[in-house]
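Rule-based calculations on the coordinates, nothing more; no lab input. Just so you know, these numbers come straight off a predicted model, no measurement behind them. Glycine also receives a Cβ, built like all others from the backbone with ideal geometry; neighbour counts cover every protein chain displayed.
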Amino acid sequence: MQLNNIQPAENNIKYSAIPKLLYIDNLKIALTILVVLHHAFITYGAPGGWYFADKTTHTAALIPMTLFVAVNQSFFMGFFFFISAYFTASSLEKKGAARFTADRLKRLGIPLLFYSFILSPVLSYIVYRFADGHQITYFQYLSGFDGWIDFGVLWFVAALLLFSLVFVLIDPITKPQRQLQKAPSAFAIILFAGGLGVASYIVRIVFPIGWVLKPVGFQLGHFPQYVAMFCMGIVASRSNWLSSFNLKTGRVFAWLAAFMILIMFPALYFVKEITHSSIATLSGEGHWQSLMYACWEQFTGVFIMDALLIIAKHRWARQSATGKSMSRAAFGVYIFHPLVLISLSVIAIGWPMDPGYKLLIVGPLAVAGSFLLSAVLVKIPGVNKII
């Protein structure tokens, strides 16, 4: 990324609180919408695990669905870690270790407990009762329920809590050697993406895509990017990288991302077909196809993240009243969207249409319903202190 150089400053510098950045807020809204749609696409045909599935068999629908979730997976959760980390350093500096830790345990730990012990059994029951057709009551279902430790979609919250606590521990150790870093060049970012691709390939030899660390739900095959983007968020915040973005460079990264999606993904699919490779060979275990896929994924993800950050800074720095409300509701949407999406999907089981068409209806309704539900919840006293 061609940015104005930021010269290293003295060690032990104090970092002031970061002001509210509306374009970051807007990106957070967009990413939250993508999370809901991601799970809707998996419900109706795209590869991936979810509570309920009603998958189409039409290739004309499956290919764009697969492309959508593959592109999403390349960047959206890593981007969440970057955005979260961007405000972490200043928050720790402002609050101190004890208060920061207590705040993280409250804001992240309570939702984890709520999801695992209250929401997760409800979600499982909805599918068991209304999709699978088992005629039992909720309390009868609970008597045989054994999945109490299940973070579900809140694996991200669990990982963010873990990363934050580790950061609290290592921050005092690194403080004496700390310096502000120059913003990276475009070439450095491309090298970074390539390094992530190789690191992902190596990790996936042991932990292929789809391997889940239970009960926390971590897919370790994706964690090289998550850890790296969390670290980059800390460095970008302390070195004030985002103040120097060049719009022209953002457009270059947008074109590079488009090339990876529109040209390289079909090429990847073509190689898969002519070599008769299965999805498993792309997922890891040392196959050369998994190196190819890991590099495609990381180049695509890094290019998209850079393009969105830069372009949003220059073109999306305003926020309407609706946008402000959606931003406030975003965390609640992340927590409760499975309830809305699964309920709508179960209602749609009997609709006389292909699941691909159901997606076109259920997806937007799940997004709207999740934001409306969260907008109500954040007005409840006590709840609004957590989400």
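Rounded, prolate or oblate, given the Cα gyration tensor of the chain, with a/c below 1.5 counting as rounded? Oblate is the answer for the chain, as a/c is 1.5 or above yet b/c matches or exceeds a/b.
Using a cutoff of 8 angstrom between alpha carbon atoms and counting only pairs six or more residues apart, the relative contact order for the chain works out to 30 percent.
Ordering of 270-277, 38-45 by packing is 38-45, 270-277, highest average first (other Cβ atoms within 10 Å, averaged per residue). The modelled label-to-label distance between Ile110 and Phe270, using points 7 Å beyond Cα along the C-beta direction, is 5.5 nm.
Multiplying the residue separation of Gln140 and Ala60 by 0.36 nm and subtracting their alpha-carbon distance yields 24.6 nm. Subtracting the Cα-Cα distance of Leu220 and Trp148 from their residue separation scaled by 0.36 nm leaves 23.7 nm. Projecting the Cα atoms of Ser239, Ile263, His222 onto the charge dipole of segment 192-285 (Cβ charges, centred on the Cα centre) puts Ser239 farthest toward the positive pole. By the scheme Lys and Arg +1, Asp and Glu -1, what is the net charge of all other residues having a beta-carbon under 15 Å from that of Trp351? Summing Lys/Arg as +1 and Asp/Glu as -1 gives 0.
Report the residues of segment 260-294 in range of a label on Ile205: point 7 Å along Cα→C-beta, backbone N strictly under 17 Å from it. Only 281-294 pass the distance filter. Distance between the modelled labels on Leu360 and Phe259, one decimal in nanometres: 3.4 nm (7 Å Cα→Cβ projection). The Cβ shell under 14 Å around Leu373 holds other residues with a net charge of +2, Lys and Arg each +1, Asp and Glu each -1. Were the residues from Leu213 through Ala186 laid out at 0.36 nm apart, the gain over their Cα-Cα distance would be 6.2 nm. Decide, for segment 241-371, between rounded, prolate and oblate: order the square roots of the alpha carbon gyration tensor eigenvalues as a ≥ b ≥ c, take rounded if a/c falls under 1.5, and otherwise choose prolate if a/b is larger than b/c, else oblate. It is oblate, given that a/c is not under 1.5 and a/b is not larger than b/c. From helices alone, the chain scores -21500 deg cm²/dmol at 222 nm; the rule is -39500 (n - 2.57) for each run of n ≥ 4 DSSP H residues, then divide by the residue total.
Over all other residues within a Cβ to Cβ distance under 14 Å of Leu27, the charged ones net out to +3, with Lys and Arg as +1 and Asp and Glu as -1. About its Cα centre, the dipole of segment 292-387 is roughly 540 debye, where the only charges are +1 on Lys and Arg Cβ and -1 on Asp and Glu Cβ. A simple packing score, the average count of other Cβ atoms within 10 Å per residue, orders the peptides 216-224, 374-382 as 216-224, 374-382, with the highest score first.
Listed by number, the DSSP H helices of the chain that run 27 Å or longer by alpha-carbon position along their axis and have mean Kyte hydropathy of at least -0.5 are 22-44, 59-86, 155-174, 186-206, 288-315, 321-347, 355-377.
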